[in-house]
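Peer 1: Please find one structure pasted underneath; my questions will follow.
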Amino acid sequence: MSRVYECLTKIGETITENKDFLTDLDREIGDADHGINMTRGFHAVAEKVPSDLEDIGAALKKAGMTLLSTVGGASGPLYGTAYMEAGKVMAGKTEMTAEDFKAALEAAIAGIQKRGKAVKGEKTMLDALIPALDAYTAAIEGGADMGAGLEEACKAANEGIEFTKTIIATKGRASYLGERSIGHQDPGATSATLTLETIRDFVKA
Amino acid sequence: MKKLINEIDNIVDEMLDGMVAAYPKYVRRLEGLEVLVRAGGSEGKVALISGGGSGHEPAHGGFVGKGMLDGAVAGAVFTSPTPDQVYEAIMAANGGKGVLLVIKNYTGDVLNFEMAADMAADEGVEVEKVVVADDVAVENSTWTAGRRGIAGTIFVHKLAGACAEAGGSLAEVKAVAEKVIANVRSMGMAVDACTVPAAGKPSFDLAEDEIEIGIGIHGEPGTHREKIGPVNDIADKLLEKILAEGIYNAGDDVAVMVNGMGGTPLMELFVANKHVKEVLDGKGINVYKTIVGNYMTSLDMEGFSITLLKLDDQMKGLLDAPADTPAFVQM
């Protein structure tokens, strides 16, 4: 089993373990399907991505295409695009450096922003991912390795989740609630943070 | 949760096969896909394709047939279909005169249908799209994803479908769809929530004597909750918000749809419609045609929506044109 495949399946396990949690968060401000859809997507990822594929770029691209065709909703195109864009950065590589991870996360975020026409502060996954990227970048520029950088990224992402509780949603279905969306954490920011935490644990293990 | 199902994961698949088994004259299923197209194909006409999450039956597969849709794409329950499915629908339904995608305004639907349109355009297919956003419960501002698309979508299928059936060009069919979208407004309410099978519990909780005004067709919370009163009072509230749009005025001709959310008896829908007609009559708004029934449902949700469409002569002709589909037949 390749490292990248193992990491993807770990992300899938985390999502599956948190299926009900994510769905419950989505019930509060959305349509109660985020955990269900993401779990279905990652089950397909485990099946469709060849388990011995060493090319990280190819594996991420395949994972993205699989998410795109199995998740549905808004999460499918957004997560699908994120993995495919990260895959482009990693094309042909069989190992990932701290710098590579920064470039991949940057590309993933840029893809999400372009497809979702969203910016930070709209109560979306970007509110976890953008602070995570900033914290990660600062950490590795200060000499931290990938694991330590991810530690900082996860802290920032969790702060991002807390931040989403304080703001009004202006994108996606939650936006229809207006001020009633305040007090609830964003399911997308939560699944994005769970993803980063899984990668952190995988890298540090 | 009590549901008449086998495996939760097979609901959409089994439903589509069941529709084909019931209506082989109208629809066939693309092999291995969650797509229904016309059994007889769509050669030589502009093709209309709609779709969205499942759970809104008969929308949209029930409207595939002469005078309405050429293809319908079914996602998982309340979840937009994926771009690959929509793409295959476009390629299969394309009769050589182009394809119009009728999209309900939800972030997921718009994202997935747009990606599919891009993919089909890369293959040289002429694809246009319209986005239906008729739900007045949602304020249309830069602070939201825009108004939701709900039951008014059926009028887009009917009128644009009639235009396509009559040989209209892609531009003409799209223009009709846009005219309908500009003149159609809806608002719904729920007496009780729906239960998404995979979630296993109601999508929201209402007290015994409480209703939700402005509900979305996926059980999204509405504008507010209040104590239940007579249906006349509830209909008044929905109508008031629709009429406040300023589109429907004395002397205008309108089509009315009183649409059930899936769990409300027709008896109650007709009671509601009686009052809707009286209110519109009282305002001098002429009810040209009325449709009452379950057209854009929300699983087992109890509740209804009211839709008004302002009509001009061209639109009356398209509304009156024949249609022959599983869920809507008009001679």
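The values are calculated or read from the model by the stated rules, or taken from the named source; none is laboratory data. Remember, predicted model here, so these are calculated numbers, not experimental data. Positions of Cβ are generated from backbone atoms using ideal geometry, with glycine treated the same way; all protein chains shown enter the neighbour counts.
Peer 1: Any residue in segment A:46-66 that is modelled with pLDDT of 95 or more, within 13 Å of chain B (Cβ to nearest Cβ) and closer than 20 Å to residue B:52 by Cβ?
Peer 2: Within segment A:46-66, not a single residue is modelled with pLDDT of 95 or more, within 13 Å of chain B (Cβ to nearest Cβ) and closer than 20 Å to residue B:52 by Cβ.
Peer 1: Just checking, how many residues over segment B:91-130 are within 13 Å of chain A (Cβ to nearest Cβ) and among the acidic types (Asp, Glu)?
Peer 2: 3
Peer 1: I'm trying to understand the selection: among the residues of segment A:141-181, which are touching a helix residue (DSSP H, G or I) at 6+ places or on another chain (Cβ under 7 Å) and among the β-branched types (Val, Ile, Thr)?
Peer 2: Selection gives A:161, A:164, A:168.
Peer 1: Filter segment B:109-140 down to the residues that are in contact (Cβ under 8 Å) with a residue 40 or more places away in the chain and either assigned to a strand (DSSP E or B) or not assigned by TED's automatic domain parsing to the domain that holds residue B:174 (or both) and list them by number.
Peer 2: Selection gives B:128, B:130, B:131, B:132, B:135.
Peer 1: Give the residues of segment B:141-169 that are in contact (Cβ under 8 Å) with a residue 60 or more places away in the chain and within 14 Å of chain A (Cβ to nearest Cβ), sorted by residue number.
Peer 2: Passing the criteria: B:148, B:150.
Peer 1: Let me ask something additional. Considering segment A:149-196 alone, what residues qualify as being in contact (Cβ under 8 Å) with a residue 60 or more places away in the chain and not in a helix (DSSP H, G or I)?
Peer 2: Of everything in segment A:149-196, those that are in contact (Cβ under 8 Å) with a residue 60 or more places away in the chain and not in a helix (DSSP H, G or I) turn out to be A:169, A:172, A:184, A:185, A:186.
Yes/no per residue for (1) buried (at least 20 other Cβ atoms within 10 Å of the Cβ); (2) within 14 Å of another protein chain (Cβ to nearest Cβ); (3) closer than 16 Å to residue A:112 by Cβ:
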position: A:140; (1), (2), (3): yes, no, no
position: A:147; (1), (2), (3): no, no, no
position: A:163; (1), (2), (3): no, no, no
position: A:188; (1), (2), (3): yes, yes, yes
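Peer 1: Consider residue A:97 carefully, then state whether it is away from every other protein chain (no Cβ under 12 Å), crowded, with 22+ Cβ neighbours inside 10 Å and polar (S, T, N, Q).
Peer 2: No: the conditions fail for residue A:97.
Peer 1: Sticking with this one: If you take the residues of segment A:49-66 that are β-branched (Val, Ile, Thr) and in a helix (DSSP H, G or I), which of them is nearest to residue A:114 (Cα to Cα)?
Peer 2: A:66
Peer 1: Scan segment A:27-66 for residues that are farther than 18 Å from residue A:84 by Cβ, under 16 Å from the mean Cα position of the chain (by Cα) and surrounded by 24 or more Cβ atoms within 10 Å (Cβ to Cβ) and jot them down.
Peer 2: A:34, A:35, A:36
Peer 1: In this structure, is residue A:24 surrounded by fewer than 24 Cβ atoms within 10 Å (Cβ to Cβ), of a type in the set (D, E, K, R) and within 14 Å of chain B (Cβ to nearest Cβ)?
Peer 2: Yes: the conditions hold for residue A:24.
Peer 1: Separate question: Answer with yes or no whether residue B:62 is closer than 26 Å to residue B:147 by Cα and within 17 Å of the chain's Cα centre (by Cα).
Peer 2: yes
Peer 1: Something else: Hey, can you tell me all the residues within segment A:67-83 that are at pLDDT 95 or above and either more than 14 Å from chain B (Cβ to nearest Cβ) or surrounded by fewer than 24 Cβ atoms within 10 Å (Cβ to Cβ) (or both)?
Peer 2: A:83
Peer 1: A follow-up question, please. State yes or no: is residue A:23 closer than 28 Å to residue A:146 by Cα and in a helix (DSSP H, G or I)?
Peer 2: For residue A:23, the condition - closer than 28 Å to residue A:146 by Cα and in a helix (DSSP H, G or I) - is not met.
Peer 1: Kindly check whether there is at least one residue in segment B:116-125 that is over 17 Å from residue B:49 (Cβ atoms) and in contact with a strand residue (DSSP E or B) (Cβ under 7 Å, 6 or more places away or on another chain).
Peer 2: No, segment B:116-125 contains no residue that is over 17 Å from residue B:49 (Cβ atoms) and in contact with a strand residue (DSSP E or B) (Cβ under 7 Å, 6 or more places away or on another chain).
Peer 1: Out of B:75, B:61, B:71, I need the residue that is surrounded by 24 or more Cβ atoms within 10 Å (Cβ to Cβ) and within 14 Å of chain A (Cβ to nearest Cβ). Which one?
Peer 2: B:75
Peer 1: Out of all the residues in segment B:83-108, which are part of a helix (DSSP H, G or I) and modelled with pLDDT of 95 or more?
Peer 2: Once the filter is applied, which keeps residues that are part of a helix (DSSP H, G or I) and modelled with pLDDT of 95 or more, segment B:83-108 yields B:85, B:86, B:87, B:88, B:89, B:90, B:91, B:92, B:93.
Peer 1: Kindly list the number of the only condition in (1) touching a Phe, Trp or Tyr at 6+ places or on another chain (Cβ under 6 Å); (2) surrounded by 21 or more Cβ atoms within 10 Å (Cβ to Cβ) that fails for residue B:155.
Peer 2: Evaluating residue B:155 over (1) touching a Phe, Trp or Tyr at 6+ places or on another chain (Cβ under 6 Å); (2) surrounded by 21 or more Cβ atoms within 10 Å (Cβ to Cβ) leaves (1) as the failure.
Peer 1: Answer yes or no: is there a residue in segment A:67-87 that is out of contact with any Gly (no Cβ under 7 Å at 6 or more places or on another chain), in a helix (DSSP H, G or I) and farther than 22 Å from residue B:83 by Cα.
Peer 2: no
Peer 1: Quick one: count up the residues across segment B:297-311 that are in contact with a His (Cβ under 9 Å, 6 or more places away or on another chain) and either outside any loop (DSSP other than H, G, I, E, B) or farther than 24 Å from residue B:160 by Cβ (or both).
Peer 2: So the count comes out to 1.
Peer 1: With B:41, B:52, B:32 as the choices, which residue is within 13 Å of another protein chain (Cβ to nearest Cβ), surrounded by fewer than 17 Cβ atoms within 10 Å (Cβ to Cβ) and of a type in the set (Gly, Ala, Ser)?
Peer 2: The unique qualifying residue is B:32.
Peer 1: Regarding segment A:7-20, can at least one residue be identified that is touching a helix residue (DSSP H, G or I) at 6+ places or on another chain (Cβ under 9 Å), within 14 Å of chain B (Cβ to nearest Cβ) and either touching a residue at least 60 places away in the same chain (Cβ under 8 Å) or not in a helix (DSSP H, G or I) (or both)?
Peer 2: Checking segment A:7-20: not a single residue is touching a helix residue (DSSP H, G or I) at 6+ places or on another chain (Cβ under 9 Å), within 14 Å of chain B (Cβ to nearest Cβ) and either touching a residue at least 60 places away in the same chain (Cβ under 8 Å) or not in a helix (DSSP H, G or I) (or both).
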